[in-house]
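Contents: one structure, followed by commentary.
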Amino acid sequence: MRLSYTKALNRALADELAADPAVCVFGEDIGAGMAGPTLGLLDRFGPGRIVDTPLSEQAFTAMAIGAALAGRRPVLEFQIPSLLFLVFEQLVNQAHKFSLMTGGQAGVPLTCLVPGSGSRDGWAGQHSDHPYSLFAHAGVKTVVPATPTDAYGLLRSAVRDPDPVIVFAPAAALPVRETVTWELAPVPLGSARVHRSGTDVTLVAVGHLVHDALAVAEELSDEISVEVFDPRTLYPFDWAALAASLERTGRLVVVDDSNRSCGIGAEVLATAAEEMRLTAPPRRVTRPDGAVLPFAPALDRALQPGREQLRHALRAVVK
């Protein structure tokens, strides 16, 4: 079958709702399935489990934390990534820390799904952030799937996890379709995936940039042997898999669609430099420091990491 990224998210939610009566979904316009992942769920599972909320992220996040403490497994859909800034304190200071501060006596099994994170045409500065590094920095489990099968598998694992998990579904990945000839299954959190083997450079790509990385790796295949490494989970990160890849290649490039300073790209470079085998200085391709994506499409694209930057970084690191 041909599986789209959005349909994969929808199927993962449906399968978890069917498998576990504790699972419920909260969010704005989710009854109508406006963003895609919740389409048809209200008709199938009813308003007791698919809860259309008022336009207050802080209110429904607080409600979901309480539901999780009471034994439910809520999934929250955030239509815009910047809305996570509104509930950052609730997620990081309350939900994330609760099990630690009670010695494991209580937990908050809460999943936040952001379908359409990053840039979307004309959504401008307050709607185009990719703040996954903030949650990884705070120690919250953070997931960025690149493919439909990984979107399905990682979302199912996130819903089953005993801790809060943030799932970023990049807008640029939503149109991706994949031919699936096997049974869909959960994908463990903290497990990376090598999409393409190589011997010259390890190219770590986050989310939708995996597809750009694969295209550039194919384009440069007569010149450079590129291993395309998809972390899938940014926290916990699969450092053992990255170390194994760098043992083969000795060179590292990271492409990351978030701001340069304090981003996940910086963390990957720093950890590799401290603990792993590198035979050349590593490179990162990111948004600029402090980038705010503008409304104008050409300027929006100019601030995002692109294939030309990626080609330049790969050639530079093998010199």
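The values are calculated or read from the model by the stated rules, or taken from the named source; none is laboratory data. No experiment lies behind these values; they were computed from the predicted model shown. No Cβ is skipped: glycine too gets one built from the backbone with ideal geometry, and neighbour counts run over all protein chains shown. Accessible surface is based on the protein model in full, side chains and every heavy atom, while ligands, DNA and RNA are left aside. Shrake-Rupley method; radii C 1.70, N 1.55, O 1.52, S 1.80 Å.
Some points to look at:
- Qualifying positions in region 213-224 - open to solvent by 40 Å² or more (accessible area, probe 1.4 Å) and not in a loop (DSSP other than H, G, I, E, B): LEU214, GLU218, GLU219
- Matching residues in region 1-33 - criterion: being in contact with a strand residue (DSSP E or B) (Cβ under 8 Å, 6 or more places away or on another chain) and of a type in the set (Asp, Glu): GLU16, ASP20, GLU28, ASP29
- Within the option set VAL210, VAL167, VAL204, being out of contact with any Pro (no Cβ under 6 Å at 6 or more places or on another chain), open to solvent by less than 10 Å² (accessible area, probe 1.4 Å), closer than 16 Å to PRO81 by Cβ and outside any loop (DSSP other than H, G, I, E, B) holds for one residue only, VAL167.
- Residues of region 130-177 classified as more than 15 Å from GLY118 (Cβ to Cβ) and touching a Phe, Trp or Tyr at 6+ places or on another chain (Cβ under 7 Å), total: 5
- Flag for ARG49 being open to solvent by 40 Å² or more (accessible area, probe 1.4 Å), of a type in the set (Lys, Arg) and touching a residue at least 40 places away in the same chain (Cβ under 8 Å): no
- Subset of region 76-118 [among the hydroxyl-bearing types (Ser, Thr, Tyr) and under 14 Å from the mean Cα position of the chain (by Cα)]: THR111, SER117
- Criterion violated by GLU227 - all others in (1) surrounded by 20 or more Cβ atoms within 10 Å (Cβ to Cβ); (2) acidic (Asp, Glu); (3) out of contact with any helix residue (DSSP H, G or I) (no Cβ under 8 Å at 6 or more places or on another chain) satisfied: (3)
- ARG283 surrounded by fewer than 20 Cβ atoms within 10 Å (Cβ to Cβ), closer than 12 Å to THR202 by Cα and out of contact with any Leu (no Cβ under 7 Å at 6 or more places or on another chain): no
- Scanning region 286-319 for residues that are of a type in the set (Val, Ile, Thr) and either open to solvent by 70 Å² or more (accessible area, probe 1.4 Å) or touching a helix residue (DSSP H, G or I) at 6+ places or on another chain (Cβ under 9 Å) (or both) gives THR286, VAL292.
- Where a residue in region 272-285 is among the hydroxyl-bearing types (Ser, Thr, Tyr) and its partner, wherever it lies, is part of a loop (DSSP other than H, G, I, E, B) and open to solvent by less than 90 Å² (accessible area, probe 1.4 Å), with Cβ under 7 Å and at least six apart: THR279/GLY250; THR279/ARG251
- PRO164 vs. criteria in contact (Cβ under 8 Å) with a residue 40 or more places away in the chain and more than 16 Å from ASP256 (Cβ to Cβ): yes
- Selected residue (only one of THR179, THR149, THR202 is more than 12 Å from the chain's Cα centre (by Cα) and within 30 Å of THR279 (Cα to Cα)): THR202
- Selection count, region 80-89, where residues are open to solvent by 50 Å² or more (accessible area, probe 1.4 Å) and either at positive phi or of a type outside the set (Phe, Trp, Tyr) (or both): 2
- The residue list THR149, THR199 contains one member that is assigned to a loop (DSSP other than H, G, I, E, B) and either open to solvent by 20 Å² or more (accessible area, probe 1.4 Å) or not acidic (Asp, Glu) (or both), which is THR199.
- Selection status of ASP257, within 30 Å of ARG156 (Cα to Cα), of a type in the set (D, E, K, R), out of contact with any Asp or Glu (no Cβ under 7 Å at 6 or more places or on another chain) and in contact (Cβ under 8 Å) with a residue 40 or more places away in the chain: yes
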